[in-house]
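This report refers to the structure that appears directly beneath it.
The values are calculated or read from the model by the stated rules, or taken from the named source; none is laboratory data. This is a predicted model, so every value here is computed, not measured. All Cβ positions, even for glycine, are placed from backbone atoms using ideal geometry, and neighbour counts span all protein chains on display.
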Amino acid sequence: MRFFTMKRKTTIYLLLVSAFLLLFFVMYRSFFGMNVRPGQESTVIYIPEGSDYSGAMDTVMANLDVKNEKILRFIAEKKKYPSLVKSGRYLVGKEMSYNELINLLRSGRQMPVNITFNNIRTLNDLAGKIGGGIEADSTEIIDFLNNEENYADDGFSIETIISIFIPDTYQLYWNTSASGLYNRMLREYRNFWNEKRLKLAEDKNLDPHEVSVLASIVEEEATKADEKPRIAGVYINRLKRGIPLQADPTIKFAVNDFSLSRVLSKHLLVESPYNTYKYKGLPPGPINCPSIESIDAVLNAEKHDYLFFVAKADFSGYHYFSKTLSEHNRYAAEYRRELNRRRIYR
């Protein structure tokens, strides 16, 4: 009888142990198993700035395949996620446990975004290019940039602020605000203008703002990279001699028509500080967002005696450079004849 009693106790014990192990396995799978599936290899979820716990969880449930929402919320609350919600762009792997997901979201370990901008003419172009890649939209960015009070203390004006944006590819967090974007670009700008570049600018009696202005003109004038330092040298020679720059790209900017293939006499009459036919010296600010190549072309401008240049009539993209007005006029007449032949009248 005692044998059967012991056997029964052992059986009950084994059953209890098995039940406990099964319960432990189920709980472990619930808490630490791969219970979150993006539905593809991976997915990105966005928690907007200012989101509360409810909003963040709504975003999670709308974008991820979660087996058991109650368990997910239980873990989130135990890990104090309701008070640790952080906005951002998060990459959720192919499969994650509830525990891993909440750890990711409460840590704020975002996946950065790459923002690339180049060939930018205006602040509106810039805002439109960047606004699609970060949380701050184009309206917020342009509103910030149009308010000079936001950056006047850093030495910029509404005319020169575009120069702070050095064309390149930058890694930013998705939840970057308009002011955060500015602060990041200001750091990049100050790093760009290192001692070497500042010394090269000083040697030409230019400050960084003036270099950017001149570089923006070179950017528009030169279609061939190897000519940029020579074109920059022409403009520096004219500045030194007090000769108006007479740069056609500044006229296009002044009349706000970048489609012009031919600057006409009527365009030269426009009243604007950007009319470099009418006013000597540099215009108030850059006429585009100049590339690093164009900035360095100004800083390393060729030293020569040329005062004029005009596009070659073969439309190769290269230019004739002249030291005298009479020589320049001959080349200019040749180019005008070719424009007429091709019926390019504007």
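Of all residue pairs spaced 6 or more apart or on separate chains, those with beta-carbon atoms under 7 Å, a first member in region 225-245 that is assigned by TED's automatic domain parsing to the domain that holds residue 277 and on the phi > 0 side of the Ramachandran plot and a second member that is surrounded by fewer than 23 Cβ atoms within 10 Å (Cβ to Cβ) and of a type outside the set (Asp, Glu) are 242/280.
Go through region 70-82 and report how many residues are touching a residue at least 12 places away in the same chain (Cβ under 8 Å) and loosely packed, with under 13 Cβ neighbours inside 10 Å. Don't jump to the end; show me each part of the working.
Kept after step one, since they are touching a residue at least 12 places away in the same chain (Cβ under 8 Å), are these residues of region 70-82: 71-73, 75-76, 79-82.
Then drop every residue that is not loosely packed, with under 13 Cβ neighbours inside 10 Å, which leaves 80.
Of the residues in that region, 1 qualify.
Residue 86: out of contact with any His (no Cβ under 8 Å at 6 or more places or on another chain), among the basic types (Lys, Arg), without any contact (Cβ under 8 Å) to a residue 40 or more places away in the chain and in a loop (DSSP other than H, G, I, E, B), yes or no? It is true that residue 86 is out of contact with any His (no Cβ under 8 Å at 6 or more places or on another chain), among the basic types (Lys, Arg), without any contact (Cβ under 8 Å) to a residue 40 or more places away in the chain and in a loop (DSSP other than H, G, I, E, B). I'd like the full set of residues that are farther than 11 Å from residue 247 by Cα and either of a type in the set (A, V, I, L, M, F, W, C) or touching a Gly at 6+ places or on another chain (Cβ under 8 Å) (or both), limited to region 265-279. Residues satisfying the conditions are 269, 270.
When the residues of region 126-137 are filtered to those that are without any contact (Cβ under 8 Å) to a residue 12 or more places away in the chain and buried (at least 16 other Cβ atoms within 10 Å of the Cβ), the one that is farthest from residue 291 (Cα to Cα) is 131.
Of the residues 105, 186, only one is closer than 18 Å to residue 50 by Cα and not small (Gly, Ala, Ser); which? Let's see the steps before the verdict.
On the way: 186 fails: closer than 18 Å to residue 50 by Cα.
Answer to the check: 105.
Exactly one residue out of 205, 183, 194 is in contact with a Leu (Cβ under 9 Å, 6 or more places away or on another chain) and surrounded by fewer than 16 Cβ atoms within 10 Å (Cβ to Cβ): that is 205.
Considering each residue of region 149-170, count those that are touching a Ser or Thr at 6+ places or on another chain (Cβ under 6 Å) and surrounded by fewer than 16 Cβ atoms within 10 Å (Cβ to Cβ), and give that number. Can you show your working first?
If we filter region 149-170 for residues that are touching a Ser or Thr at 6+ places or on another chain (Cβ under 6 Å), which is where we start, we get 163, 167, 169.
If we keep only those that are surrounded by fewer than 16 Cβ atoms within 10 Å (Cβ to Cβ) as well, we get 169.
Here the count works out to 1.
From the list 179, 163, the one residue that fits, being at pLDDT 95 or above, under 30 Å from residue 51 (Cβ atoms) and assigned to a helix (DSSP H, G or I), is 179.
Restricting 322, 291 to those that are touching a His at 6+ places or on another chain (Cβ under 8 Å), surrounded by 15 or more Cβ atoms within 10 Å (Cβ to Cβ) and not hydrophobic (A, V, I, L, M, F, W, C) reduces the list to 322.
Conditions (1) under 17 Å from residue 162 (Cα atoms); (2) in contact with a strand residue (DSSP E or B) (Cβ under 9 Å, 6 or more places away or on another chain); (3) modelled with pLDDT under 95, marked per residue:
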residue	(1), (2), (3)
250	yes, no, no
257	no, no, yes
275	no, no, no
278	no, no, no
288	yes, no, no
302	no, no, no
